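Q: Please find one structure pasted underneath; my questions will follow.
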Amino acid sequence: MKFSDQILSWYQHNKRELPWRKGTSYQVFLSEVMLQQTQVKTVIPFFHRFLERFPNLSTLANSSLDEVYQVWQGLGYYHRARNMHKTAQIWSALGRDPRNYAEWIALPGVGPYTASILTAILLEHPAAAIDGNIKRILQRYFGLETIKEVKMVAENVLPSKNYGNYTQGLMDLGAMICTPKTPKCSMCPIAEFCKFKQGTWMPSKKAKNLKSVRYGHVYLCKKEDALWSVKNTESKLLKGLWGFPLSDLKEEEQSSYIEVPLTCLKGTVRHVFTHFILELRIWNATSRIEDVTSKWSNGKWLDFQQRKELGFSRLMRKIEEQENIWI
């Protein structure tokens, strides 16, 4: 039996029951955006919550970005939400679903993998999608090293039909059986001719890259029950999100942007991003309201409920949770 036939046969009897499967093209698209850099178990409750607020494409397209950010809170990687909102507007204006790979990949935030997945699942067109799971399966089974080899083999082993099921079968096999650590080879449908299972191929070990650390300052100013909050319209990090006044980030610790007494330093917060670690000094800058509001003039006073309704990043929520202690 061919490699692709084995995958299809296994998938037919072992596929995961996921809420977006057999859903609308909008629901499948939404799930794929959410699944970028996020595990399935984390995505499922967010997927349901998002659909309650934005049940269809037109609802999402006609909503504000702040509304999208507010519902997206907790998923991280906010550029996904921003690009998804842009795509919804373009897609809605188009008046129909994209008809091929070229039309999918032309949309904001849709890269080669997502475009391939959507082309295979929604259009049943031949498309070799390669994510971490699929790459791992092909490398182990065929004994491949380079991504160039993986791409070539991925295209060569595509089935003659059922492209969506085949692609989802590989994804499920990688998530359930051919896992990164302690794979369940005894349960694998393709183990018989797998070079990894036979012991004739092992992945080359790569040295882990240590994440760099960046430093900065965040300033909390309180006026009655409100905190001075600003919308980030400049830096790429947390772009478009609301938060508290934040200094530029540096590779070395710097003194405070605002002259604040050392006694107003209330602590630090550490937050891990994909490529670096951020350490922020937290200042109670209420005594320097004029300085802060002058330097970050594009803000406004927001109370707790108003902040809750806006798109605040997880980092800012982490700071906010301790705000009653600091001020």
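The values are calculated or read from the model by the stated rules, or taken from the named source; none is laboratory data. Because the structure is a prediction, the values reported are computed rather than measured. Ideal geometry is used to build each Cβ from the backbone, glycine not excepted, and the neighbour counts take in all protein chains shown.
Q: Give the residue that is surrounded by the most Cβ atoms within 10 Å (Cβ to Cβ), with candidates limited to residues of region 61-97 that are hydroxyl-bearing (Ser, Thr, Tyr) and either touching a strand residue (DSSP E or B) at 6+ places or on another chain (Cβ under 6 Å) or part of a loop (DSSP other than H, G, I, E, B) (or both).
A: Restricting to residues being hydroxyl-bearing (Ser, Thr, Tyr) and either touching a strand residue (DSSP E or B) at 6+ places or on another chain (Cβ under 6 Å) or part of a loop (DSSP other than H, G, I, E, B) (or both), the top hit is Ser63.
Q: Kindly list the number of the only condition in (1) more than 28 Å from the chain's Cα centre (by Cα); (2) at pLDDT 95 or above that fails for Gly169.
A: Among (1) more than 28 Å from the chain's Cα centre (by Cα); (2) at pLDDT 95 or above, Gly169 violates only (1).
Q: Go through region 135-148 and give me each residue that's free of Cβ contacts under 8 Å to residues at least 12 places away in the same chain and buried (at least 19 other Cβ atoms within 10 Å of the Cβ).
A: Leu144
Q: Now for a different question. Identify, from the list Ser256, Ser229, Ser186, the residue that is hydroxyl-bearing (Ser, Thr, Tyr) and under 30 Å from Leu144 (Cα atoms).
A: Ser186
Every residue, every condition in (1) touching a Lys or Arg at 6+ places or on another chain (Cβ under 9 Å); (2) surrounded by fewer than 16 Cβ atoms within 10 Å (Cβ to Cβ), yes or no:
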residue	(1), (2)
Ala128	yes, no
Asn133	no, no
Glu155	no, yes
Ser160	no, yes
Gly169	yes, no
Asp172	yes, no
Lys181	no, yes
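Q: Right, another one. Which residue is modelled with the highest pLDDT, if the candidates are limited to region 202-230 and must be more than 26 Å from Pro261 (Cα to Cα) and in contact with a helix residue (DSSP H, G or I) (Cβ under 9 Å, 6 or more places away or on another chain)?
A: Met202
Q: State yes or no: is Ser229 assigned by TED's automatic domain parsing to the domain that holds Ser313, among the hydroxyl-bearing types (Ser, Thr, Tyr) and loosely packed, with under 11 Cβ neighbours inside 10 Å?
A: no
Q: Something else: Across region 142-165, which residue is nearest to Gln12 (Cα to Cα) among those that are charged (D, E, K, R) and not in a helix (DSSP H, G or I)?
A: Looking at the filtered set, the residue picked out is Lys161.
Q: Still on this structure, I have one more. Given (1) touching a residue at least 24 places away in the same chain (Cβ under 8 Å); (2) assigned to a helix (DSSP H, G or I); (3) over 24 Å from the mean Cα position of the chain (by Cα), where does Ser186 come up short, assuming only one miss?
A: (1)
Q: Could you go through region 28-42 and let me know if any residue there is buried (at least 17 other Cβ atoms within 10 Å of the Cβ), outside any helix (DSSP H, G or I) and among the aliphatic types (A, V, I, L, M).
A: Among the residues of region 28-42, at least one is buried (at least 17 other Cβ atoms within 10 Å of the Cβ), outside any helix (DSSP H, G or I) and among the aliphatic types (A, V, I, L, M), which makes the answer yes.
Q: Right, here's the next one. So which of Asp66, Asp5 ends up being modelled with pLDDT under 95 and charged (D, E, K, R)?
A: The unique qualifying residue is Asp66.
Q: Filter region 212-226 for residues that are in a loop (DSSP other than H, G, I, E, B) and loosely packed, with under 13 Cβ neighbours inside 10 Å and give the result.
A: Within region 212-226, Glu224, Asp225 qualify.
Q: Evaluate the following for Thr274: is it in contact with a strand residue (DSSP E or B) (Cβ under 6 Å, 6 or more places away or on another chain), of a type in the set (Ser, Thr, Tyr) and either exposed (fewer than 13 other Cβ atoms within 10 Å of the Cβ) or not in a loop (DSSP other than H, G, I, E, B) (or both)?
A: no
Q: Within region 215-230, which residues are closer than 15 Å to Val292 by Cβ and of a type outside the set (Ser, Thr, Tyr)?
A: Hits for region 215-230 are Gly216, His217, Val218, Leu220, Cys221, Lys222, Lys223, Ala226, Leu227, Trp228, Val230.
Q: Right, Val292: buried (at least 18 other Cβ atoms within 10 Å of the Cβ), in contact (Cβ under 8 Å) with a residue 24 or more places away in the chain, in a helix (DSSP H, G or I) and not assigned by TED's automatic domain parsing to the domain that holds Leu75 or not?
A: The answer is yes for Val292.
Q: Which residue, of Leu238, Leu249, Leu262, is at pLDDT 90 or above and not acidic (Asp, Glu)?
A: That would be Leu249, the only listed residue that is at pLDDT 90 or above and not acidic (Asp, Glu).
Q: Output the qualifying pairs, or none if there are none: Cβ atoms under 8 angstrom, residues six or more apart or on different chains, first residue in region 261-277 and touching a residue at least 12 places away in the same chain (Cβ under 8 Å) and over 14 Å from Tyr219 (Cβ atoms), second residue small (Gly, Ala, Ser) and part of a strand (DSSP E or B).
A: Every condition considered, the pairs that remain are His275/Ser212; Phe276/Ser212; Ile277/Ser212.
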